[in-house]
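A short worksheet on the structure shown next.
The values are calculated or read from the model by the stated rules, or taken from the named source; none is laboratory data. This structure is a prediction, so every number in the text was calculated from the model and none was measured. Neighbour counts are summed over all protein chains in view; Cβ atoms, including those assigned to glycine, are modelled from backbone coordinates with ideal geometry. Ligands, DNA and RNA are stripped out before the accessible areas are found, and what is left, the full protein with its side chains, is counted by its heavy atoms. Shrake-Rupley method; radii C 1.70, N 1.55, O 1.52, S 1.80 Å.
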Amino acid sequence: MLFIFILSISHKHYKEITVFFFFSWACISLAPMGQTPSSVLDQRNRFNFLPPEIHYGEIVEFSDDEVVRTRDYTNDLPDDCLAYVFQFLGSGDRKRCSLVCKRWLCVDGGNRQRLSLNANSEILSSLPALFTRFEAVTKLALRCDRKSISLNDDALVLISLRCQKLTRLKLRGCRDITDHGMVTFAQNCKTLKKLSCGSCMFGAKAINSVIDHCTLLEEISIKRLRGIHDGTELIGPGGAAAAASSSLKSICLKELVYGQSYESLITGAKKLKTLKIIRCLGDWDKVLGIIGNEKNTTLIEIHLERLQVSDIGLTALSKCPNVENLHIVKAPECSNMGLARVAEKCSLLRKLHIDGSRSNRIGDEALISVAKHCPNLQELVLIGVNATHLSLTAIACNCPKLERLALCGSGTIGDAEIACISAKCLALKKLCIKGCAISDIGIEALAWGCPNLVKIKVKKCRGVSSEVAEWLKGRRESLVVNLDAGELDPLDASVVDGGLMLPMIPGQVNAAEAPPYGNGRLGFLRVKLGLFASRNLVPCSIRRWSNANGDNSNNDNL
């Protein structure tokens, strides 16, 4: 009761209080034990820490004069409370705690809901013992590296029989699982809510079976699925599978050759909230057009990356009025017109990420439309977008809630634009500037503006010195300043790409020396898929490297 009382008093710090209270209780019950000299102990029983007459549930305190028996009060701690404490421990600590005694072993095994296994073929013989101990598992991850033989259909069927209450399943590199194994799994685990599979060999039949039998399925993520060999194999083409797909709320498709096979799955998800399509072949304007014609009011988050999508697709998406999070990454056919149309219709937009890949098709015109129609904008990331003080001034004046801003790889962002941001973005908290033509003057302007700014990150801006960073820290002590001038080594070369000087990747060859396709796995994919058949490798590699760094750094800092 005291445990519950403490939690009710300070719910804000329940984790710290729970762990502190539990271990305090353990320390009180296991009071400091004095020890007699080792010469008094019988050498034949030197490994018997408790005398045989001590019963379970008692703790012995050794002193020079007497032996005092005290009760182990941790036995009074209910199993539910003990399991609750275990939830806050790391994997290693939890394993060690499970070895303390049989009771802790049973409590840990009976309440552990998340389990991650190395899915090699040798694990088959250990599965019965594993799931006898961990009988309450509801979230399971099976991962196998490329050099090992993965578990097969027999192992997956056995898992489905022992874990029929699974709600989440993640498969990575399980190449020996076929359609047959997935069909049986879906029939046994009908409570599945989330499926994530990558680098697997099963195909459309397996996915359709999961959609058909797992009527509670809410999230599905598919990456590099190699079991679909032509575009005629459709996912959720109709009937029961299409009806079951109506429960889906999130769909993520990555690096699929026949991405168009999922058209029925996407268009049939009437409750869809999140749609992510990344590096999938095919013309996606048609799919986005169907979504727009249905005027989906539940769609909130859309990610489009490295796709064949144009302003036609963006115009269709503008018919989804509740979109709040939009990512358009390396879609060279998208222009100011498409983005402006989205901004006009989607006034609830809060997060906008644009990676223009220096195509110069998205600029001030689209950003001014965003500023005019999206007053709730809180996060804006511009990579390779040549914005000027005109659009930045409009955004600063019309988007008073803007808290996170990233400007990367733009040749038009200079000191004047940074000064404009400093003067007008009053709510700004985090600012990232990378690969822009700014100098110390622009950074100095931040010393008097942006009163709520807590963190600024500057990378690869050659005009910014370390002295101004130290000066800014002195002026605003609470501000976190992260400066990386990005100076190049004398041996590094530079390539002009869209007006921006970028350092070459270590080990990269010049364009004249570059082979038509890269080596290794990436080169094999290019040859097989023909993604970059008409493009030069080196500029694409530099562009991808630069923007990928920008993406990662921006996301980490925003």
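What are the residues in the range 437-471 that are closer than 15 Å to residue 406 by Cα and open to solvent by 10 Å² or more (accessible area, probe 1.4 Å), if any?
437, 454, 455, 457, 459, 460
Within the range 74-127, restricting attention to residues that are surrounded by fewer than 13 Cβ atoms within 10 Å (Cβ to Cβ) and aliphatic (A, V, I, L, M), which residue is farthest from residue 166 (Cα to Cα)?
Among those residues, the one meeting the criterion is 100.
Given the criteria crowded, with 20+ Cβ neighbours inside 10 Å and over 20 Å from residue 323 (Cβ atoms), does residue 277 qualify? Walk me through how you get there before you give the answer.
Details: crowded, with 20+ Cβ neighbours inside 10 Å: yes; over 20 Å from residue 323 (Cβ atoms): no.
In short, no.
Run down 277, 211 and say which single residue is at pLDDT 90 or above and in contact with a strand residue (DSSP E or B) (Cβ under 7 Å, 6 or more places away or on another chain). Give the steps one after another, and end with the answer.
Details: 211 fails: in contact with a strand residue (DSSP E or B) (Cβ under 7 Å, 6 or more places away or on another chain).
The match here is 277.
Take residue 290 and tell me if it is in a strand (DSSP E or B), over 28 Å from residue 412 (Cα atoms) and either of a type in the set (A, V, I, L, M) or open to solvent by 20 Å² or more (accessible area, probe 1.4 Å) (or both).
Working: in a strand (DSSP E or B): no; over 28 Å from residue 412 (Cα atoms): yes; either of a type in the set (A, V, I, L, M) or open to solvent by 20 Å² or more (accessible area, probe 1.4 Å) (or both): yes.
Judged against the criteria, residue 290 is not a match.
Just wondering, is there one or more residues in the range 217-236 that are among the polar types (S, T, N, Q) and surrounded by 20 or more Cβ atoms within 10 Å (Cβ to Cβ)?
no
Note down all Cβ pairs under 9 Å where the first residue falls in the range 427-447 and is more than 14 Å from residue 484 (Cβ to Cβ), the second is open to solvent by 10 Å² or more (accessible area, probe 1.4 Å) and aromatic (Phe, Trp, Tyr), and they're at least six residues apart or on different chains.
So the pair list comes out as 440/471; 444/471; 447/471.
Just one of the numbered conditions (1) in a loop (DSSP other than H, G, I, E, B); (2) within 25 Å of the chain's Cα centre (by Cα); (3) under 20 Å from residue 199 (Cα atoms) is not true of residue 170; which one?
(1)
Determine whether residue 170 is in contact with a strand residue (DSSP E or B) (Cβ under 6 Å, 6 or more places away or on another chain) and surrounded by fewer than 20 Cβ atoms within 10 Å (Cβ to Cβ). Don't jump to the end; show me each part of the working.
Numbers: in contact with a strand residue (DSSP E or B) (Cβ under 6 Å, 6 or more places away or on another chain): yes; surrounded by fewer than 20 Cβ atoms within 10 Å (Cβ to Cβ): yes.
Criteria met by residue 170.
Using the structure shown, decide if residue 178 is out of contact with any Leu (no Cβ under 8 Å at 6 or more places or on another chain) and hydroxyl-bearing (Ser, Thr, Tyr). Reasoning before the result, please.
Details: out of contact with any Leu (no Cβ under 8 Å at 6 or more places or on another chain): yes; hydroxyl-bearing (Ser, Thr, Tyr): yes.
Yes.
Can you tell me which residue within the range 185-203, out of those that are surrounded by fewer than 24 Cβ atoms within 10 Å (Cβ to Cβ) and out of contact with any strand residue (DSSP E or B) (no Cβ under 7 Å at 6 or more places or on another chain), is nearest to residue 219 (Cα to Cα)?
191
Conditions (1) touching a Leu at 6+ places or on another chain (Cβ under 7 Å); (2) among the polar types (S, T, N, Q); (3) open to solvent by 20 Å² or more (accessible area, probe 1.4 Å), marked per residue:
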residue	(1), (2), (3)
304	no, no, no
308	no, yes, yes
314	yes, no, no
322	yes, yes, yes
327	yes, no, yes
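Within the range 237-267, work out how many residues are modelled with pLDDT under 85, buried (at least 21 other Cβ atoms within 10 Å of the Cβ) and among the hydroxyl-bearing types (Ser, Thr, Tyr).
Total satisfying the criteria: 1.
Residues checked against (1) surrounded by fewer than 23 Cβ atoms within 10 Å (Cβ to Cβ); (2) under 19 Å from residue 464 (Cβ atoms); (3) among the aliphatic types (A, V, I, L, M):
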site: 382; (1), (2), (3): no, yes, yes
site: 385; (1), (2), (3): no, no, yes
site: 392; (1), (2), (3): no, yes, yes
site: 402; (1), (2), (3): no, no, yes
site: 410; (1), (2), (3): no, yes, no
site: 424; (1), (2), (3): yes, no, no
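For the range 215-225, does any single residue satisfy the condition of being among the basic types (Lys, Arg) and touching a helix residue (DSSP H, G or I) at 6+ places or on another chain (Cβ under 7 Å)? Walk me through how you get there before you give the answer.
Initial filter on the range 215-225 (among the basic types (Lys, Arg)): 223-224.
When the remaining residues are screened for being touching a helix residue (DSSP H, G or I) at 6+ places or on another chain (Cβ under 7 Å), the result is none.
No: zero hits.
Per-residue answers, yes or no, for (1) touching a Leu at 6+ places or on another chain (Cβ under 8 Å); (2) under 26 Å from residue 355 (Cβ atoms):
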residue	(1), (2)
379	yes, yes
394	yes, yes
422	yes, yes
461	no, yes
465	no, no
484	no, yes
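For residue 295, indicate whether it is on the phi > 0 side of the Ramachandran plot and either of a type in the set (A, V, I, L, M, F, W, C) or not in a helix (DSSP H, G or I) (or both).
Numbers: on the phi > 0 side of the Ramachandran plot: yes; either of a type in the set (A, V, I, L, M, F, W, C) or not in a helix (DSSP H, G or I) (or both): yes.
Yes, satisfied.
I'm trying to understand the selection: among the residues of the range 350-362, which are part of a loop (DSSP other than H, G, I, E, B) and surrounded by 23 or more Cβ atoms within 10 Å (Cβ to Cβ)?
Answer for the range 350-362, where residues must be part of a loop (DSSP other than H, G, I, E, B) and surrounded by 23 or more Cβ atoms within 10 Å (Cβ to Cβ): 356, 357, 362.
Report yes if some residue within the range 136-145 is open to solvent by 20 Å² or more (accessible area, probe 1.4 Å), more than 28 Å from residue 76 (Cα to Cα), part of a strand (DSSP E or B) and basic (Lys, Arg); otherwise report no.
Looking for residues that are open to solvent by 20 Å² or more (accessible area, probe 1.4 Å), more than 28 Å from residue 76 (Cα to Cα), part of a strand (DSSP E or B) and basic (Lys, Arg), one finds at least one in the range 136-145, hence yes.
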